[in-house]
Amino acid sequence: MNNSNTDFETRSLDTICINESAIKHKWYSNLKYLFVGLIFGVVFIKSEVVSWFRIQEMFRLQSFHMYGIIGSAIVVGIISVWLIKKFNIKTIYGEPIVFHPKKFNKGQIYGGLTFGLGWALTGACPGPLFAQIGTGATVIAVTLLSAILGTWVYGKFRDKLPH
């Protein structure tokens, strides 16, 4: 494969492997992620975040429910990042947490619009896809496969897209 991309600034904005731990773990150490994922899925279901009807209410501006959840998540994220930076908090393995600045670019507008359109059409955000499938909404598997295909297409044509 001849990759003739010379736009090193675009490539430097990639966060792939930047925050990867240098510590090698046994396979069973990943069970903690399974446990947290299960809890996260239950919270999504109980809070109705995975409800197609709640998502449609949000996009039709008929209910504050989803905006309240998203707004709360943003506030928690802002406070968490501030605390990590202020107290120089490290990972549970003692590794430093580093935040890399990213420049704004027009590709983020296109990506956000595409993401929102897909979210509005399918009633599914990537986070709750597995929880929706787990509740028995197996038709969401089509959305999951579409998300995987979209990710592959983006990876294939990334160098040709506006960034």
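Got a sec? Which residues in region 110-126 would a label at Lys102 touch, if it sits 7 Å along Cα→Cβ and we count backbone N under 14 Å?
110-113, 115
Given the C-alpha atoms of the chain, compute the convex hull and give its volume per residue in Å³. Don't skip to the end; give the middle numbers.
Numbers: hull volume 28.5 nm³, N = 163.
Taking only Cα atoms, the chain has a hull volume of 175 Å³ per residue.
Based solely on C-alpha atoms, express the radius of gyration and the Dmax of region 116-163 in angstrom.
Values for region 116-163 (Cα only, Rg and Dmax): 12.4, 38 Å.
Just the accessible area per residue of the chain, please: how many Å² with a 1.4 Å probe?
Per residue, the chain has 78 Å² of solvent-accessible surface.
So how do Phe59, Phe53 rank on accessible area, 1.4 Å probe, biggest first, that is with the largest at the start? Present the calculation step by step, with values, prior to reporting the outcome.
Numbers: Phe59 80, Phe53 150 Å².
Largest to smallest exposure gives the sequence Phe53, Phe59.
Mind checking the full-extension length gain between Val75 and Phe157? Use 0.36 nm per residue of separation minus the Cα-Cα distance, one decimal, nm. List each step's numbers first, then the result.
Values: separation 82, 0.36 × 82 = 29.52 nm, distance 3.43 nm.
Taking 0.36 nm per residue and subtracting the Cα distance, the gain is 26.1 nm.
Check each of the trypsin sites (Lys or Arg not before Pro) in region 37-133 and keep only those in coil by DSSP with at most 15 other C-beta atoms within 10 angstrom; list them in order.
Numbers: sites: Lys46, Arg54, Arg60, Lys85, Lys86, Lys90, Lys102, Lys103, Lys106; in loops: Arg60, Lys102, Lys103.
Passing sites in region 37-133 are Arg60, Lys102, Lys103.
Using unit Cβ charges (K, R positive; D, E negative) and no other charged atoms, how large, in debye to the nearest 20, is the dipole of the chain about its Cα centre?
Working: 16 positive and 8 negative charges, 48 e Å.
Using Cβ point charges on Lys, Arg, Asp and Glu, the chain gives about 240 debye.
Can you tell me the relative contact order of the chain? Whole percent, Cα pairs under 8 Å, sequence separation 6 or more. Before the final figure, lay out the partial values.
Values: 78 pairs, mean separation 43.8, N = 163.
Averaging sequence separation for qualifying contacts and normalising by length gives 27 percent for the chain.
Run the accessible area of the chain with a 1.4 Å probe and give the carbon-and-sulfur part as a rounded percent. Working shown, then result.
On the way: 8800 of 12640 Å².
Carbon and sulfur: 70 percent of the exposed surface of the chain.
Give the peptides 25-36, 108-119 in descending order of average Cβ contacts within 10 Å, highest first. Don't skip to the answer; put the middle values down first.
Details: 25-36: 9.2, 108-119: 12.7.
Ranking the peptides 25-36, 108-119 by packing returns 108-119, 25-36.
Looking at Val36, Pro101, Val139, which one has the Cα that reaches farthest to the positive end of the dipole of the chain (charges on Cβ: Lys, Arg +1; Asp, Glu -1)?
Positive-most Cα among the choices belongs to Pro101.
Assuming R0 = 35 Å, can you tell me the calculated FRET efficiency for the pair Ser29 and Gln56, based on Cβ-Cβ distance, to the nearest 0.05?
0.35
The values are calculated or read from the model by the stated rules, or taken from the named source; none is laboratory data. Bear in mind the structure is a predicted one, so any value in this text is a computation, not a measurement. When we count neighbours, we look across all protein chains shown, and the Cβ atoms used for this are built from the backbone with ideal geometry, even at glycine. Calculation scope for accessible area: heavy atoms of the full protein, side chains included, ligands and nucleic acids excluded. Shrake-Rupley method; radii C 1.70, N 1.55, O 1.52, S 1.80 Å.
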